[in-house]
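Notes for the one structure printed next.
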There are 2 protein chains.
Amino acid sequence: MTNRVSDSEKIVLEILWQESPLSSQDVVQRLSAHDWTEKTVKTFLNRLVKKDILAFRKEGRRYFYSPKVERSEILSEESDGFLKRVFQGDMKALLATFVENKQLSSEELKYLKDLLDEEQ
Amino acid sequence: MTNRVSDSEKIVLEILWQESPLSSQDVVQRLSAHDWTEKTVKTFLNRLVKKDILAFRKEGRRYFYSPKVERSEILSEESDGFLKRVFQGDMKALLATFVENKQLSSEELKYLKDLLDEEQ
DNA sequence: TCATTTCGATTACAGACGTAATCTTAAATA
DNA sequence: TATTTAAGATTACGTCTGTAATCGAAATGA
């Protein structure tokens with residue numbers, strides 16, 4: 001039921017899913033590609049803490065942040081929301097749109113077929 | 001490039017994709033399940049016109065609205081955005097999440113397999 | 001013709017979000 | 001110890017969204 005994560009926040013979270021705990025500095029540094037100022041990144045860290053998505057441990061005056069939720073959990077939630085919002089829960093329509101639109105590579109096709117076979 | 005459509009606006013649009021042109025009254029009536037006031041629905045119609053997603057034809061003082069964009073176009077755009085935003089464009093990850101998480105019915109599985117076969 | 005109804009247009013307003021700048025205070029340094 | 005720095009906290013502010021209420025004009029009814 002937790003409050004959800006915005007797009008920008010998710011980009012920050014992504015960093016911490018890759019590696020944590022990290023100081024805000026670390027996160028800022030790993031996000032240097034996005035041209036956000038340090039202030040902006042810190043705002044997102046702060047909001048994620050408020051939303052109870054990140055935990056932190058103090059060390060001196062620095063905070064070291066770690067995710068409190070699994071990446072897969074967020075992805076599932078988002079996927080579910082997307083399916084409902086955009087496709088009214090019509091899974092076949094969603095899959096068709098992705099498959100038809102995205103020109104899957106043959107590798108992706110094979111991967112997906114295997115996945116489906118496993119699903120029995 | 002067109003300006004994007006919010007979730008609520010999409011619900012309204014959905015009605016007009018099913019049938020158009022429709023007067024605002026018609027739309028309101030078809031949305032009676034959502035407990036929006038007439039005012040709210042009209043706000044969405046108005047915003048959709050401003051965003052150049054809906055066209056209208058005047059008849060007396062009534063407007064009759066029609067979509068200016070195809071449903072499939074919006075769905076593709078949204079799907080594409082979702083893939084990029086949430087899965088960083090990783091199609092395999094996206095499909096895996098949907099397939100693993102959503103417990104596809106055997107019908108859906110078959111549908112998807114056929115779809116994949118067509119993709120050659 | 002004058003009042004009332006009923007359109008669409010305009011305005012409202014709070015919360016989320018993107019994007020920071022400023023404030024406070026504790027730590028580091030001179 | 002006094003000063004400077006730097007971390008997080010707080011505040012800012014415009015846009016978008018959800019959710020309407022009000023306004024102005026045109027149509028309709030009395």
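Bear in mind these aren't lab numbers, they're just calculated from the coordinates by the rules spelled out. What you see is a predicted model; the values in this text were computed from it and never measured. Note that we place each Cβ from the backbone using ideal geometry, even for glycine, and neighbour counts take in every protein chain shown.
Size descriptors for the protein assembly as shown (Cα atoms only): Rg and Dmax, in that order, 21.5, 72 Å. Summing Cβ point charges (Lys, Arg +1; Asp, Glu -1) relative to the Cα centre of segment A:31-84 gives a dipole of roughly 460 debye. Using a 7 Å projection from Cα along Cα-to-Cβ, the label point at residue A:6 is separated from the same position in the remaining copies by 1.5 nm, smallest value first. Compared with the dominant principal axis of the Cα atoms in chain A, helix A:38-50 is inclined by about 70°. Highest GNM mean-square fluctuation among A:56, A:87, A:44, for chain A modelled with Cα contacts below 10 Å: A:87. Magnitude of the charge dipole for the protein assembly as shown, about its Cα centre and with charges confined to Cβ atoms of Lys, Arg (+1) and Asp, Glu (-1), is about 1660 debye. Here the Karplus curve 6.51 cos²θ - 1.76 cosθ + 1.60, taken at θ = phi - 60°, turns the phi angles of segment B:51-63 into couplings of 7, 6, 9, 10, 10, 9, 10, 7, 8, x, 9, 8, 10 Hz, with x standing for Gly and Pro.
Treat every Asp and Glu Cβ in chain B as -1 and every Lys and Arg Cβ as +1, leave all other atoms uncharged, and give the resulting dipole magnitude about the Cα centre to the nearest 20 debye. Charge dipole of chain B: 880 debye, to the nearest 20. Summarising the label geometry, the points placed 7 Å from Cα in the beta-carbon direction at residue B:93 and residue B:107 lie 3.3 nm from one another. The two copies A and B are related by a rotation, and the chain A beta carbon nearest its axis, with distance in whole angstrom, is A:82, 3. Nearest 10 degrees is fine. How inclined is helix A:71-87 to the longest principal axis of chain A, computing both from alpha carbons? Result, in degrees: 50. Amide H contacts for residue A:23 (H built 1.01 Å from N in the peptide plane; partners 5 or more residues away or on another chain; cut-off under 5 Å): A:65.
Taking all Cα pairs closer than 8 Å and separated by 6 or more residues, the relative contact order of chain B comes to 22 percent. Pairs exceeding 31 Å between alpha-carbon atoms, taken from A:68/B:113; B:10/B:92; A:68/B:39; A:113/B:68: A:68/B:113; A:68/B:39; A:113/B:68.
Translational diffusion of chain B was estimated from the Stokes-Einstein equation, with Rh taken as the Kirkwood radius over Cα pairs; at 4 °C and 1.567 mPa s the coefficient is 78 µm²/s. Ranked from shortest, the separations from the 7 Å Cα-to-Cβ label point of residue B:93 to its equivalents in the other copies are 2.7 nm. Sorted from closest to farthest, the other copies place their residue B:109 label points 2.2 nm away, with each point set 7 Å from Cα along Cα→Cβ. Could you let me know the centre-to-centre spacing of segment B:1-57 and segment A:40-87, using Cα atoms, in angstrom? Spelled out, the Cα-based centre of one part sits 33 Å from the other. The C-alpha atoms of chain A define a longest principal axis, and helix A:7-18 lies at about 80 degrees to it.
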